[in-house]
Amino acid sequence: MNLELIILIPFVGGLLAWLTGLRSATWPRWIALVSLVATFTITLFWWGAEPLATGAGGAVPAGGNWLELSVRPWIPRFGITFFLGIDGLSLLLVLLTLFLGVFAVVVSWCEIGDRVGLFHFNLLWTIAGILGVFLALDLFLFFFFWELMIVPMYFLIGMWGHENRHYASTKFFLFTQASGLLMLAAILGLHAAYAQQTGVTTFSYPELLTASLPIETSRWLMLGFFVAFAVKLPAVPLHTWLADAHTEAPTAGSLLLAGVLLKTGAYGLLRFAVPLFPEAAAEFAPWAMGMGVIGILYGAKLAFAQRDLKRLVAYSSVSHMGFVLLGVFAANVLAWQGVVVQMLAHGISTGALFVMAGALQERLHTRDLDRMGGFWEHMPRFAGVSLLFALASLGLPGMGNFIGEFLVLLGAFAASPIAVVCAAFGLVFATLYSLWLVQEVFHGNYRSSSTRLPTDLSLRESTVFAALTIAILWLGLYPTPFLSAAKPSLDSLLGNGAPSAVKLVNQSVP
Amino acid sequence: MTTADLIALVPLLVQAGSVLVLLAVLCVRRNHLLSAIASASANATALGFLPLASARTPHAVGELLIIDQSALFFMGLILASAFVVTVLAFDYLERHSVRREEFYILLQAATTGAAALAATTHFAIVFLGLELLSVSLYGMIAYVFNRPNSMEAAVKYLILAAVSSAFLLFGMALIYADSGLMTFAALAEPEARPIFLLGGAALFVTGVGFKLALVPFHLWTPDIYQGAPVPVAAFLAAVSKGAMVSLLLRFTFSTPLSDASSLRSSLAALAIASMLAGNLLGLRQRNLCRLLAYSSIAHLGYVLVAIIAGPAMGAEAVTFYVATYLATVLGAFGVISLLSSGRVSCTELDDYQGLFWRRPGLAVVFTAMMFSLAGIPLTGGFLAKFLVLNAGVSAALWTPVFILIVSSVVGLVYYLRVVATMFSTHHLSVSATSATPLVAVSRAGGALVGLLSLAIVLLGVVPGPALDFIHTLWIQAP
């Protein structure tokens, strides 16, 4: 199987969707759906595959746990190659992307009525860009996809978004672009330093992993990477784009933003920032973990203060992603496994909450919590599912988020007990805003902005929520397949960057 | 003059001869289409002779001209740009009631001057080429004289070009006074007194700075871009800038002054000021020609960063950057020019409201150009910016690199605003019908901007061959 296919199918599908969209509104939807399902099926091929043998002839670089690699020349003049690779970590995130991507198409089925072809073109290209980010092993290629995924997302928000869409989309673009360029400078700095050291001009990730830079240089370079990933994550002082972008985006856009786009930041930290500059990352760890804790608490507080349904969910993401930041810089296998589960679980649960918000908006034409209430008796299935995902979001045992947060806290305790104690309060606040959300929308006196009674879930929506429910329960009740899929790659990523300041916790869940 | 000299000079001679041919055509028959075709085919012929000349490089014709690979490459860019401007101008002038045919004479004379600038290290040719370029441009800027601001723009350009020439001349005189040499090699004279050389170089750079519109010599740019006919603005942005960059490249690289810290740091200051001012002032523009003027100020600042980085990484970066920038800016002005009909000039941002829904093709081309200017992936502009950053980082120019990053994010705001305007659906019902009537776009013009955007995308996706080619240009450079 070809790794390029994973990226190529959505790209071509997007173009086809645009072309057919000129004639019909149905074709683009089916093309998008079929191409994403096809890509998902192809990707499943690597599930449980044996990792490639390393070392033989230098074709497969040592120290990774690659399931598949593919190198093609691209810009030989600067040692840039079209280098893709997949390991357990990438595989999980690629699957998550495609899983949510399918639902992004399905939930837009009725919501998006105009310029359908162009919409699906942008949707598929965003997904293709995100998949590229998860697969790229050449730093230039990584940056290429990193920037590429923003452009169609900008159009998704800017053209199909809600009232304040121009402001939100521009802000989103500027934040990511500014931080991205800082990362580009850091990539170039790393490239130049490596070339100076060894005389080899390359952007290849496995090769650059072997660079040993002076600590002063790597501090700056690490910061360049960190800022880019912290903006995407988002970490607290850099989070202000998120609420606007999530709120103004169409449902599919919010789903992709919250579900996968934020994960590219976490993935970048796991794959690049820490392993490339282990010492600098270890030095920086207390600050980053502090930012994580602040993100958890501050995000929760902001979420609680919102009257806009989508804003509330958006800020809850800030809080959840704080756990990711905390876990990444705890730098041990346990915490990193927690980070991976948290990424998957957050993608599913927050994605589901955004789908819920979108479905409500489709029915009521508002996101204002003051103008809804008491819907339980009119839409019991809808309310039940929403309660389920609100509970997932607050970290109820039995659902994926609990496993993720618990493992992160457990792992981070070895690194910084104080941070963990503070972060644990985030769980309490999460309970507060999640239940508050359910109470405002579904309980209390009947309030509605619409004269018509809200209708319960349609078959299409039920299918989406059913699949998401199964996924989140699977993650919560039996996370072992996911943990063991990611573990070898996490081990090798951590093994490369032997953290000096943080004590390694050896025990870990299978 | 030997046969070898002649062969090396064929492209330049053809280009210079085209002026006479155009005059002759005018004597025989006054016909707009005929003149335009003669003009375009002259450029095409000159382009066709480039491979012939390139077989003999590097070749010095006396002291005056030096024909090497990079000179021919820049000449090629200039000639190709002139070709594009000819096509745009034909379409544009058709809609204006002026005598149209003489325009091409001026255009080709200016192009000849620009082409000569790309192939010289001698002050005499520098001055000759510059004057040929500037004097023709006075006429071109004021060509459609019944447009508002057109006279003002021409007079402004006249005065500023004269001032910049004065600076250049005085700089050359200072250098000559001490070294007795009229070539750039004078700057390498070991016995020369540094005060003369440095003063001369500073004045020379100031003169070039006027032409390149580097801050603080940039004040003329927006007015002239706005006042000039759109194809002429395209010519100014592409041909004139391209020629001046190649001149500056030769000037800084062919002399040891590139290591002199005072010149380097003053160039760095110019670069930083240009990047910041260009992008910040661009934010306030509602007129696309003015916006592109400020954008060009910023872009020349980026180019300067690569020039400061030195020949090792900088030469290729600058060459690639200029090639992409020329294609981009020609495409952008091309769209504006195609949309501007005789009565209504389509240069205000509001005219572009919802353009995508009326003219999807042109809007997509314009979007590609804006993204290329902003440096977004899949366009050549992205790779060009990457190369400049790479050159800057490898020369450890951290401050300019940082300013480049910050200012290009600021610039992104106004490029995005243009894109958002084109895709917006706000005033769809109003403007689509009444405000801006649809202009019939000529096939040739439409095809041309389409090709330019294709080139931009190709440069962004498969830049390998282009980069390798540019690399070979600079290997043989003396």
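Do we find that B:Gly331 is crowded, with 24+ Cβ neighbours inside 10 Å and in the same structural domain as B:Pro400 (by TED's automatic domain parsing) in this structure? Against the criterion (crowded, with 24+ Cβ neighbours inside 10 Å and in the same structural domain as B:Pro400 (by TED's automatic domain parsing)), B:Gly331 qualifies. On the stretch given as segment B:384-396, residues that are under 20 Å from B:Ser265 (Cα atoms), facing chain A (nearest Cβ under 9 Å) and in a helix (DSSP H, G or I) total 5. Restricting attention to segment A:75-94, and to residues there that are part of a strand (DSSP E or B) and of a type in the set (Val, Ile, Thr), which single residue is farthest from the other protein chains (Cβ to nearest Cβ)? Looking at the filtered set, the residue picked out is A:Ile86. For B:Ser35, all conditions in the list (1) in contact with a Pro (Cβ under 8 Å, 6 or more places away or on another chain); (2) within 21 Å of B:Ala444 (Cβ to Cβ); (3) in contact (Cβ under 8 Å) with a residue 40 or more places away in the chain; (4) not charged (D, E, K, R) hold save one; what is the number of the exception? Here B:Ser35 clears every test but (1).
Within segment B:453-475, identify whether any single residue is surrounded by fewer than 13 Cβ atoms within 10 Å (Cβ to Cβ), at pLDDT below 80 and in a helix (DSSP H, G or I), and answer yes or no. Yes, segment B:453-475 contains a residue that is surrounded by fewer than 13 Cβ atoms within 10 Å (Cβ to Cβ), at pLDDT below 80 and in a helix (DSSP H, G or I).
Scanning segment A:120-136 for residues that are within 11 Å of another protein chain (Cβ to nearest Cβ), within 30 Å of A:Val102 (Cα to Cα), over 20 Å from the mean Cα position of the chain (by Cα) and not charged (D, E, K, R) turns up nothing. Looking at segment A:171-181 only, could you name the residues that are surrounded by fewer than 22 Cβ atoms within 10 Å (Cβ to Cβ) and within 7 Å of another protein chain (Cβ to nearest Cβ)? Selection gives A:Leu174, A:Ala178.
Mind counting the residues in segment B:92-105 that are surrounded by fewer than 24 Cβ atoms within 10 Å (Cβ to Cβ) and in contact with a helix residue (DSSP H, G or I) (Cβ under 8 Å, 6 or more places away or on another chain)?
Residues in segment B:92-105 being surrounded by fewer than 24 Cβ atoms within 10 Å (Cβ to Cβ) and in contact with a helix residue (DSSP H, G or I) (Cβ under 8 Å, 6 or more places away or on another chain): 6 in total.
Within segment B:373-383, can one find any residue that is within 14 Å of another protein chain (Cβ to nearest Cβ), modelled with pLDDT of 90 or more, surrounded by fewer than 24 Cβ atoms within 10 Å (Cβ to Cβ) and within 25 Å of B:Phe210 (Cα to Cα)? No, the conditions are met nowhere in segment B:373-383. Is there a residue being under 17 Å from the mean Cα position of the chain (by Cα), within 14 Å of chain A (Cβ to nearest Cβ) and hydrophobic (A, V, I, L, M, F, W, C) anywhere in segment B:326-334? Scanning segment B:326-334 turns up no residue that is under 17 Å from the mean Cα position of the chain (by Cα), within 14 Å of chain A (Cβ to nearest Cβ) and hydrophobic (A, V, I, L, M, F, W, C). May I ask you to verify whether B:Leu387 is in contact (Cβ under 8 Å) with a residue 60 or more places away in the chain, buried (at least 24 other Cβ atoms within 10 Å of the Cβ) and in contact with a Leu (Cβ under 7 Å, 6 or more places away or on another chain)? So B:Leu387 does not fit the description; no.
Under the condition of being surrounded by fewer than 24 Cβ atoms within 10 Å (Cβ to Cβ) and in contact with a Ser or Thr (Cβ under 7 Å, 6 or more places away or on another chain), the residues counted in segment A:261-285 number 2.
Of the helices (runs of 4 or more DSSP H) that lie entirely inside segment B:176-266, those containing 2 or more residues that are crowded, with 19+ Cβ neighbours inside 10 Å and either at pLDDT below 90 or of a type in the set (S, T, N, Q) (or both) span B:194-212, B:221-227, B:241-253. Take A:Ala49 and decide whether it is more than 22 Å from A:Tyr267 (Cβ to Cβ), outside any helix (DSSP H, G or I) and at pLDDT below 85. It is false that A:Ala49 is more than 22 Å from A:Tyr267 (Cβ to Cβ), outside any helix (DSSP H, G or I) and at pLDDT below 85. Every condition in (1) part of a helix (DSSP H, G or I); (2) touching a Leu at 6+ places or on another chain (Cβ under 8 Å) is met by A:Gly398 except one, and the failing one is (1). Taken across segment B:397-417, residues that are at the interface with another protein chain (Cβ under 9 Å from one of its Cβ atoms), of a type in the set (Lys, Arg) and within 22 Å of the chain's Cα centre (by Cα) do not occur at all.
When segment A:443-495 is filtered for residues that are surrounded by 17 or more Cβ atoms within 10 Å (Cβ to Cβ), touching a Leu at 6+ places or on another chain (Cβ under 7 Å) and of a type in the set (S, T, N, Q), the ones remaining, listed by number, are A:Ser448, A:Thr469, A:Ser489. Checking every residue in segment B:421-430 against the condition of being more than 7 Å from chain A (Cβ to nearest Cβ), surrounded by fewer than 24 Cβ atoms within 10 Å (Cβ to Cβ), within 22 Å of B:Ile297 (Cα to Cα) and not β-branched (Val, Ile, Thr) gives zero matches.
Take the conditions more than 8 Å from chain A (Cβ to nearest Cβ), surrounded by 24 or more Cβ atoms within 10 Å (Cβ to Cβ) and farther than 15 Å from B:Leu330 by Cα and apply them to B:Leu355. Does it pass?
Yes; evaluated as a whole, the condition is true for this residue.
Comparison of A:Leu221, A:Leu184 shows that the only residue that is touching a Phe, Trp or Tyr at 6+ places or on another chain (Cβ under 9 Å), within 9 Å of another protein chain (Cβ to nearest Cβ) and modelled with pLDDT of 90 or more is A:Leu184.
To keep it simple, each residue is scored yes or no on (1) outside any loop (DSSP other than H, G, I, E, B); (2) within 20 Å of the chain's Cα centre (by Cα); (3) farther than 15 Å from A:Val328 by Cα; (4) modelled with pLDDT under 90.
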residue	(1), (2), (3), (4)
A:Phe406	yes, yes, no, no
A:Glu440	yes, no, yes, yes
A:Asn445	no, no, yes, yes
A:Leu457	no, no, yes, yes
A:Leu468	yes, yes, yes, no
A:Leu473	yes, yes, yes, no
A:Ser489	yes, yes, no, yes
A:Ala498	no, no, no, yes
A:Ala501	no, no, no, yes
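Taking each residue of segment A:427-454 that is aromatic (Phe, Trp, Tyr) and looking for partners that are part of a helix (DSSP H, G or I) with beta-carbon atoms closer than 6 Å, six or more apart or interchain, yields A:Phe429/A:Ala300; A:Tyr433/A:Ala303; A:Tyr433/A:Phe304; A:Phe442/A:Ala383. Residue count for segment A:239-263, restricted to those that are within 27 Å of A:Gly189 (Cβ to Cβ), in contact with a Phe, Trp or Tyr (Cβ under 7 Å, 6 or more places away or on another chain) and among the aliphatic types (A, V, I, L, M): 0.
Do we find that A:Phe143 is more than 30 Å from A:Thr20 (Cα to Cα) and touching an Asp or Glu at 6+ places or on another chain (Cβ under 7 Å) in this structure?
no
The values are calculated or read from the model by the stated rules, or taken from the named source; none is laboratory data. Given the structure is predicted, the values throughout are model-derived calculations rather than measurements. Note that we place each Cβ from the backbone using ideal geometry, even for glycine, and neighbour counts take in every protein chain shown.
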